[in-house]
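Heads up: the structure comes next, in structure tokens.
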Amino acid sequence: MIKLSQGIVKPFLSVIFCSLFILPGLVSSAESQVAQDYHMSIYKDVQGSTDAIELFTKAEDKRVFFGVTCSLQSAMPLIQVILFDDEIMSETPKLLSIKIEIDGKALAEELQGIINVVDNTEELSNKIRLEIVTKRGGSFQALQEAYKAMLITMQQGEALKVTLSHRTLEAKEITFSLKGLKQLLQSNQAVCY
């Protein structure tokens, strides 16, 4: 009888221990803020410090989103364009050439993006991560600085034009607002760079 109760009690205590000490670190509480054309979700750790942020905006009259995600767990920000419905470019992964203009001025950095196709019962989309092309022999620190410079330039602009192109696909130009990005990102920039 004693062995049976220990066989039940030990797994039960393990479950309680996990839910009290491990899960709170994995489940972040999120709070939201909005500034002009941007929405931001802030994820905090168990101590209440900001652990990650997600900012996004939507293109006018299209099911197309632009987003920036920063996390203390990642050395680089995630900058992406998400295409839904009729805006989808491809049903298979493809490497895209990306051009960015901020207020009509082309960004000097060479960019690329890989189409990640999401096709399930909840969602059909193309998620395209915008990446700075790494130069041969370039340092990790130089890459981090390039992302930081790109985000700072975006914060100073009003409009972002993204051109997505591939030799076998029709090029797509999308314009996003940058209004509100600076207001939300500035107070949380330590998470991004």
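Taken as a whole, the condition of being at negative phi and either over 12 Å from the mean Cα position of the chain (by Cα) or aromatic (Phe, Trp, Tyr) (or both) applies to residue 47. Determine whether segment 170-179 contains at least one residue that is modelled with pLDDT under 95 and open to solvent by 90 Å² or more (accessible area, probe 1.4 Å). Within segment 170-179, one or more residues are modelled with pLDDT under 95 and open to solvent by 90 Å² or more (accessible area, probe 1.4 Å). One residue alone among 113, 137, 104 is farther than 30 Å from residue 49 by Cα and at pLDDT below 95, and that residue is 137. Residues that are in a loop (DSSP other than H, G, I, E, B) and closer than 22 Å to residue 187 by Cα were ranked within segment 47-66; the one that is most open to solvent (accessible area, probe 1.4 Å) is 47. Among residues of segment 95-117 that are more than 15 Å from residue 133 (Cβ to Cβ) and in contact (Cβ under 8 Å) with a residue 60 or more places away in the chain, those with a Cβ under 6 angstrom from a residue that is open to solvent by less than 10 Å² (accessible area, probe 1.4 Å) and part of a strand (DSSP E or B), sequence gap 6+ or separate chain, pair up as 102/160.
Do you know which residues across segment 123-160 are touching a Gly at 6+ places or on another chain (Cβ under 8 Å) and either polar (S, T, N, Q) or open to solvent by 40 Å² or more (accessible area, probe 1.4 Å) (or both)? If the condition is that a residue be touching a Gly at 6+ places or on another chain (Cβ under 8 Å) and either polar (S, T, N, Q) or open to solvent by 40 Å² or more (accessible area, probe 1.4 Å) (or both), then 129, 131 are the ones that fit.
The values are calculated or read from the model by the stated rules, or taken from the named source; none is laboratory data. None of the values given here were measured: they were computed from a predicted structure. So basically every Cβ, Gly included, is an ideal-geometry build from the backbone, and we count neighbours across all protein chains shown. These area figures cover heavy atoms from the full protein model, side chains too; ligands, DNA and RNA do not enter into them. Shrake-Rupley method; radii C 1.70, N 1.55, O 1.52, S 1.80 Å.
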